[in-house]
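The values are calculated or read from the model by the stated rules, or taken from the named source; none is laboratory data. All values derive from a computational prediction rather than experimental measurement. Here Cβ is always computed from backbone atoms with ideal geometry, including for glycine, and neighbour counts include all displayed protein chains. For the accessible areas, the whole protein counts, side chains as well, though only heavy atoms, and no ligand, DNA or RNA atoms are used. Shrake-Rupley method; radii C 1.70, N 1.55, O 1.52, S 1.80 Å.
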Amino acid sequence: MSDSQTDRTGPRTLFEKVWSEHIVREDAGAPAVLYVDLHLVHEVTSPQAFDGLRARGLKFRRTDRTVATMDHSTPTLPRRLAVVDPQAAAQLAKLKANCAEFGVTLYDLDSAEQGIVHVIGPELGVTQPGCTIVCGDSHTSTHGAFGALAFGIGTSEVEHVMATQCLLQSRPKTLEVRVDGKLPAGVGAKDIILAVIAKIGTGGATGHVIEYRGTAIEALGMEERMTVCNMSIEAGARAGMIAPDETTFEWLEGRRFAPKGDAWTAAVAKWKTLKTDPGAKFDASVSLDANTLAPMITYGTNPGMGIPVTGNLPAAGTGETASDRAALAKALDYMGLTAGAPIAGQRVDVVFIGSCTNSRMGDLRSAASVFKGRKVAPNVRVLVVPGSKAVKRQAEAEGLDVVFKDAGAEWRESGCSMCIAMNGDQLSPGQYAVSTSNRNFEGRQGRGGRTLLASPLTAAAAAVTGKVTDPRTLMGGAT
């Protein structure tokens, strides 16, 4: 009897329920053949996969379960301007040609629905509870906020899904992350996930799928849940998941590709079963007290190097092993920071508000609440990049673009932008950036650039003060 069959006989976790429903074949000692419900495609990791289909004379198995968009190489300056990066222009042109040849739906630069792949999937309603979702992008874990099993795949796997709509996958372990209590004012979803990664480390969830649970998680809106699941990969996890509930159903209802009528009623009835059963066992569990959390910010060169914005950098020699101590020293040297010093007050040159982590309406509203009535500090550059054209339209309808521009920030077109230093949206060597993106590796936002990850509130506070600042000191209006 296979593991997928034994799963059905006792209490099961959310992951186990979704996994077992998508097993085509699972033999002891071998990877499982997992069926894929939705394949998301963008211009960076797909060209070789399309070429592979041609070279092997293979057909595209399920174009109706594939959605493509332009995001990584997309310029965020006005679309009437030419793409100045020749490599980016080539990638965009190649995706358009490939999708036309194979019949794949593409939301290109001219589409009203174009945007970051992990933003438009939920917006369109193609992201749904209980689905398996893959993309050639590590932050596919974002979609787990809906109770989907969603994970990034490599280029060869992209080709495999195109050809078969299946993947070979080894069954991961499960990790429960419980966050109970009530978040204090000024503390949000980005602070939760940065605190989780700071606690367990960038390898703390390796080989596991995380399920986020607890009263603080249940209180989050869908956009906040997406932020939490988005950064699961930064803790080493294969995926992150949150059980669907009324918040999920309300958010999805009426979206373009969500079920309608009787099909909606049947879908919700099924989705309500997608929760971990009482008595189900996780392979590991960690917990956080939401009441004690503060705004978080990173100081080093991986997302696990995070502290409260009111805290001090680790003292010299901190670390359990010689390797840990050496890594800390190397990170602080690259960042130009002093061990033991407070992080608050650190100079900031650039602020980036955007990325698949924090480019949705709630993120922009949060940032705008700080910018309103204030000005960007002298010598600070601020880029605000909405995650999709739909987000951009709504933000402009609410007047948020005016708030940002009046403050002195740049209001851009939708795309990945400075998160991956594309099309000129990048740091210069030695510059410090407070960024709402998900990675702070050396050179991630530009060669020699120094990235501090934070929430939209904390990023906006840095923008108007010119230094790392506790956003709670600015809440309540202009000063």
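Worth a mention:
- The set of residues in segment 429-479 that are over 22 Å from L364 (Cβ atoms), touching a residue at least 40 places away in the same chain (Cβ under 8 Å), open to solvent by 40 Å² or more (accessible area, probe 1.4 Å) and over 23 Å from the mean Cα position of the chain (by Cα) comprises Q431, K467.
- Pair list, Cβ < 6 Å and 6+ apart or interchain, from segment 95-110 residues that are farther than 19 Å from V161 by Cβ to residues that are aliphatic (A, V, I, L, M): D108/M70; L109/M70
- Restricting segment 414-428 to residues that are touching a residue at least 24 places away in the same chain (Cβ under 8 Å) and in contact with a helix residue (DSSP H, G or I) (Cβ under 7 Å, 6 or more places away or on another chain), the residue that is most open to solvent (accessible area, probe 1.4 Å) is M422.
- Filter pass, K281 being assigned to a helix (DSSP H, G or I) and either open to solvent by 50 Å² or more (accessible area, probe 1.4 Å) or at pLDDT 95 or above (or both): no
- Qualifying residue in segment 333-344 (condition: hydrophobic (A, V, I, L, M, F, W, C), open to solvent by less than 10 Å² (accessible area, probe 1.4 Å) and over 23 Å from G415 (Cα atoms)): yes
- Subset tally (residues that are under 19 Å from T63 (Cα atoms) and among the acidic types (D, E)) for segment 95-136: 3
- Across segment 238-272, the number of residues qualifying as among the β-branched types (V, I, T) and over 19 Å from I217 (Cβ atoms) comes to 2.
- Any hit, segment 298-321, residues being among the hydrophobic types (A, V, I, L, M, F, W, C) and loosely packed, with under 15 Cβ neighbours inside 10 Å: yes
- Look at (1) closer than 25 Å to R225 by Cα; (2) modelled with pLDDT of 95 or more and you find that C416 fails only one, number (2).
- Residue list for segment 204-251, restricted to those being open to solvent by 10 Å² or more (accessible area, probe 1.4 Å) and aliphatic (A, V, I, L, M): A219, I233, A243
- For segment 68-95, the candidate set comprises residues that are touching an Asp or Glu at 6+ places or on another chain (Cβ under 9 Å), assigned to a loop (DSSP other than H, G, I, E, B) and hydrophobic (A, V, I, L, M, F, W, C); within that set, the residue that is most open to solvent (accessible area, probe 1.4 Å) is L77.
- Number of positions in segment 225-256 that are more than 21 Å from D363 (Cα to Cα), hydrophobic (A, V, I, L, M, F, W, C) and part of a loop (DSSP other than H, G, I, E, B): 2
- From the options F404, F352, residue that is modelled with pLDDT of 95 or more, over 21 Å from T227 (Cα atoms) and crowded, with 24+ Cβ neighbours inside 10 Å: F404
- Considering residues of segment 357-396 that are charged (D, E, K, R) and farther than 27 Å from G121 by Cα only, the residue surrounded by the fewest Cβ atoms within 10 Å (Cβ to Cβ): K375
- L274 vs. criteria in contact with an Asp or Glu (Cβ under 6 Å, 6 or more places away or on another chain) and closer than 28 Å to A148 by Cα: no
- Count - residues of segment 26-37 that are among the aliphatic types (A, V, I, L, M) and open to solvent by 10 Å² or more (accessible area, probe 1.4 Å): 3
- Pairs, first hydrophobic (A, V, I, L, M, F, W, C) in segment 29-44, second part of a loop (DSSP other than H, G, I, E, B) and open to solvent by 50 Å² or more (accessible area, probe 1.4 Å), C-beta under 8 Å, six or more apart: A32/S170; A32/R171
- Some residue of segment 161-183 being charged (D, E, K, R), open to solvent by less than 50 Å² (accessible area, probe 1.4 Å) and under 30 Å from A68 (Cβ atoms): no
- Within segment 179-211, tally of residues that are not in a loop (DSSP other than H, G, I, E, B) and not β-branched (V, I, T): 10
- Hey, T142 among the polar types (S, T, N, Q), out of contact with any Lys or Arg (no Cβ under 6 Å at 6 or more places or on another chain) and not in a loop (DSSP other than H, G, I, E, B) or not: yes
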